[in-house]
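S.K.: The structure under discussion is supplied below as structure tokens; questions concerning it will follow.
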Amino acid sequence: MSPNFDSKISAMKKSILNQQTCMTRVTNMCDAKEIGDVIEKGEETYEWKESSTIGEIESATYREASLLATAGVAEVVRRIRRLGLEVALHKSEALCFHGPRRKPPADASLTVGGVSIVIKQSMRYLGIVLDGRWNFGAHFAELAPRVTTAAGALTRLMPNLGGPEASCRRLYMGVVRSIALYGAPVWADALSRQNLASLRRPQRLMATRAARGYRTISFEAASVLAGSIPWDLEAKTLASLFFWREEAVAQGHRLAPREIAGRRNELCQRSIEEWSQRLEQPTAGRRTVEAVRPVLGQWLARQHGSLTYRLTQMLSGHGCFGGYLCLIGREPSAICHHCDGCADEDAQHTLEVCPAWDQDRAELRAVVGDDLSLPAVVRQMVDSERSWTAVQTFAESVMLRKEAAERVREDTSDVPIRRRRTGRRRRAYALHLLPPQ
Ligand SMILES: [Zn+2]
């Protein structure tokens, strides 16, 4: 019996249903040796699964596996019928697990009791779509649109201005996370690049809304700002915890809730460390990630300070800044409209340099100190609620005036790129500018 098949099926039964199921192993009822042949196990094996009674037949060649599976299923059906029960053969499904380049023929099938059971490429089992290579590509292909739809529906409830508080946003994010991480112990070690992308897309969507940020913010920066550990790392944590518990139970240990909570905490800390290592080389959102990474633990554990639409603009650099607006085609140039000395205005220029905001900056410096580099500012923010409030006040005050100035430019400009938004876009923008509730 292949340990891979065995542990995966066990994980599905226990982690997903967490209760006894009606499944019976064919191998328990009908050992392969009874069927006739002694099986020489090759490096690659074939395994079979059939309907709600699950069975496994191993063989080194497809032909042998096919014969054994046919005989095995026939034997199971015979025994079930002997108990006076009927088997719905036309509802039976079969899947062939195989190694690389050992795919079964396209029209492969088993014939039992005159009914042909087609060998499928994938099949749904306990809510997970299994495929012949255990790579869960089919599972994620089916999961991705479902998670994206859920994320899309929930993000509509989370406008960047107003809307639910941070705790509620975290709750919404948890809903989508739960859908995405269903059955994680089964697939956590099979995350291909594509599967990873299927997890990242909805997480980025939820994280940008949780952080009240522009949707252009990168996955790394958005998840850091929202304090959302990448879901692939969370899947690993869930899998480790599950298999740790399984092992303890198998050895006869009775785990106290405190022990489980302690282990969960330990694994969570480990995944934060792994996340931090990953963030050493972010692919995008470098300024934000580099500022938060040194204090990531405190950032996640802080009890104060939530993000506002304008504070997130200041931290992410995606917002009402010349450089950004020029990049997304909303301004013809990246210059700062509030001073003469900046040809490429960004969030750091607004925070640290631009003379137009000297007075607000003086008030900010009185609280957080003279160093206004983003890492220093973020460190101050996580250290004290007073600093957080000071930075937030600065961001609100300055960004509000910058937005007002941008609206005036839109109204007075003849340049097509900067014309005032019209119709649906304008109404959406006007909603954006409603004062926070
Ligand atoms: Zn300036």
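Values in this text are rule-based calculations from the coordinates and carry no lab data. Small disclaimer: the values here were computed from a predicted structure and weren't measured. Here the Cβ is made from the backbone with ideal geometry for all residues, glycine too, and neighbour counts use every protein chain on show.
S.K.: Among Met314, Met381, Met123, rank each residue by its count of other Cβ atoms within 10 Å, from fewest to most, as a rough exposure measure.
M.R.: Fewest-to-most Cβ neighbours within 10 Å comes out as Met123, Met314, Met381.
S.K.: Would you list Ser198, Ser316, Ser276 from fewest to most Cβ contacts within 10 Å?
M.R.: Ordered from fewest to most neighbouring Cβ atoms within 10 Å, Ser198, Ser316, Ser276 come out as Ser276, Ser198, Ser316.
S.K.: Applying the Karplus parametrisation 6.51 cos²θ - 1.76 cosθ + 1.60 with θ = phi - 60° to the phi angles of region 389-402, what ³J(HN,Hα) value in whole Hz is obtained for each residue in order, glycine and proline being reported as x?
M.R.: Each residue's phi maps through the Karplus curve to give 4, 5, 5, 5, 4, 4, 4, 4, 5, 6, 5, 4, 5, 5 Hz.
S.K.: Also, quick follow-up: Taking the Cβ of each residue in His318, His337, His253 as the centre, tally the other Cβ atoms inside 10 Å and list the residues starting with the fewest.
M.R.: The fewest-first ordering by Cβ neighbours comes to His253, His337, His318.
S.K.: Once you charge only the Cβ atoms, +1 for Lys and Arg and -1 for Asp and Glu, what is the size of the charge dipole of region 264-348 about its Cα centre, to the nearest 20 debye?
M.R.: Around 380 debye, computed over region 264-348.
S.K.: Residue by residue, what Karplus-based ³J(HN,Hα) values in Hz, rounded to whole numbers, does region 112-126 have, using 6.51, -1.76 and 1.60 with θ = phi - 60° and x for Gly and Pro?
M.R.: Along region 112-126, the couplings run 10, x, x, 9, 8, 10, 6, 7, 8, 6, 7, 8, 7, 9, 6 Hz.
S.K.: Which cross-chain or sequence-distant (5 or more) residues have an amide H under 5 Å from the amide H of Glu331, H modelled 1.01 Å from N in plane?
M.R.: Cys326
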